[in-house]
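The values are calculated or read from the model by the stated rules, or taken from the named source; none is laboratory data. Small disclaimer: the values here were computed from a predicted structure and weren't measured. Ideal geometry is used to build each Cβ from the backbone, glycine not excepted, and the neighbour counts take in all protein chains shown.
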Amino acid sequence: MNVTMASEQAAPTGATAPAARIVNGVKVYGAGVTAVRALDGVSADFGAGQFTAVMGPSGSGKSTTLHCLAGLDRLTSGQVLLGDVDLGTLDDKGMTLLRRERIGFVFQAFNLIPTLTARENILLPLTLGGKKPARGWLRELARTLGIADRLGHRPSELSGGQQQRVATARALVTRPDLIFADEPTGNLDSRSATELLNQIRRAVPLRAGPAGTGTGPGRERDPVRYEGFKCR
Ligand code: ADP
Ligand code: MG
């Protein structure tokens, strides 16, 4: 893997344990002569309150890293720790619960359910657990992300940028500890991409308190190549 990590931290977080950590991460897809070693001993710490961008060429293992950190996939060897939870010790049910309760994930391809309205898509992670959002939270999220007047529409009635903002609201609705976004702006034109990044920056502190969520000059210039996540 040949990737770069760029972190920013606007507020000091003290000497707390990293919010997320990958240690000697190895991921091999397939077996035998067709095996692909997507990660070859990756180690990185992601501190609480940081906004981190993972940058690298196509195929360098960015998505694989995010998927393994977010509990969507498992490492072949090595360790992923979220806070003090070692994902390797969780069974599939434990992983599902952890993902639902502690993690928000924004997929490049939106992954919205076409038959559900924007509101239903956003609330889905809560509905699945038989929960409802705290009073006013959906309205606040929708307003921050600029989709308050689109909540009754289905994905096919929304622009790409609006669909991506619905997907972002869905990732934030459970107030997760960690938010992972895999090229969240990859399908957007550069103006919508910059707008979405600004909106994520504004929305995350609603969950994450005063910790900074700014992006650096490199990402401002080239937002469509951004992949990253925010740790509370
Ligand atoms: P990036 O997100 O940086 O473009 P990926 O993490 O998607 O990179 O892929 C890293 C490598 O792993 C690539 O060589 C890719 O072809 C391979 N790969 C990713 N997913 C799979 C899979 N499910 N099966 C086989 N190979 C895969
Ligand atoms: Mg990728």
Tell me the residue from Thr168, Thr127 that is of a type in the set (Val, Ile, Thr), away from ligand 2 (no atom under 16 Å from the Cβ), crowded, with 19+ Cβ neighbours inside 10 Å and at pLDDT 80 or above, please.
Thr168
If we scan region 158-169, do we find a residue that is within 19 Å of Leu197 (Cα to Cα), within 16 Å of ligand 1 (Cβ to nearest atom) and touching a Gly at 6+ places or on another chain (Cβ under 9 Å)?
no
Just the residues that are hydroxyl-bearing (Ser, Thr, Tyr) and in contact with a Phe, Trp or Tyr (Cβ under 6 Å, 6 or more places away or on another chain), please, taken from region 45-80.
Thr52
Pairs where the first residue, in region 45-64, is within 14 Å of Val28 (Cα to Cα) and without any contact (Cβ under 8 Å) to a residue 12 or more places away in the chain and the second is acidic (Asp, Glu) and within 16 Å of ligand 2 (Cβ to nearest atom), C-beta under 6 Å, 6+ apart
none
Within region 149-174, of all residues that are part of a loop (DSSP other than H, G, I, E, B) and in contact (Cβ under 8 Å) with a residue 40 or more places away in the chain, the one farthest from Leu188 (Cα to Cα) is Thr174
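For (1) β-branched (Val, Ile, Thr); (2) at pLDDT 90 or above, each residue gets a yes or a no:
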| residue | (1), (2) |
| --- | --- |
| Ala6 | no, no |
| Ala15 | no, no |
| Val23 | yes, yes |
| Val42 | yes, yes |
| His67 | no, yes |
| Asp73 | no, yes |
| Ser77 | no, yes |
If you go through region 29-76 one residue at a time, how many are of a type in the set (S, T, N, Q) and within 16 Å of ligand 2 (Cβ to nearest atom)?
6
